[in-house]
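Heads up: the structure comes next, in structure tokens.
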Amino acid sequence: MCRLIILAAVALGMLASPASPAGTIRPILMKDIAFAPKQVTVHVGDTLEWANQDIVAHTATAKDKSWEVNVLPGKNGRVVMKAAGTFDYICRYHPNMTGEIIIEP
Ligand SMILES: [Cu+2]
């Protein structure tokens, strides 16, 4: 039990390490008319890559319109996150499809 907790702590520490290289690509699924995961935290300079596994097109559209990508069925679309902040976003075609991106400096 103790060993498991220590291993988990080590793994979390590695994930949270500020030494992670700039320009990480973070995948997000568009599946069953939903973003998965719904909330993602990245850093300025990271790339979000949405993979559309549905049979209809989706977009990832920031509510403040600062970024958008249109993703056809079976395709991927990328956006580089250039500014820190918290961005709610939706699919333009399915407004109930919502997500949140937190971009840390
Ligand atoms: Cu959609």
ask   = If Lys and Arg each add +1 and Asp and Glu each add -1, what is the summed charge of the other residues whose beta carbon sits under 13 Å from the beta carbon of Val69?
value = +2
ask   = Under 5 Å between amide H atoms, partner at least 5 residues away or on a different chain: which partners does Lys75 have, H built in plane at 1.01 Å?
value = Asn52
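Bear in mind these aren't lab numbers, they're just calculated from the coordinates by the rules spelled out. Quick caveat: nothing in here was measured; it's all calculated off a predicted structure. Don't worry about glycine lacking a Cβ; one is built from the backbone with ideal geometry, like all the others, and counts go over all protein chains shown.
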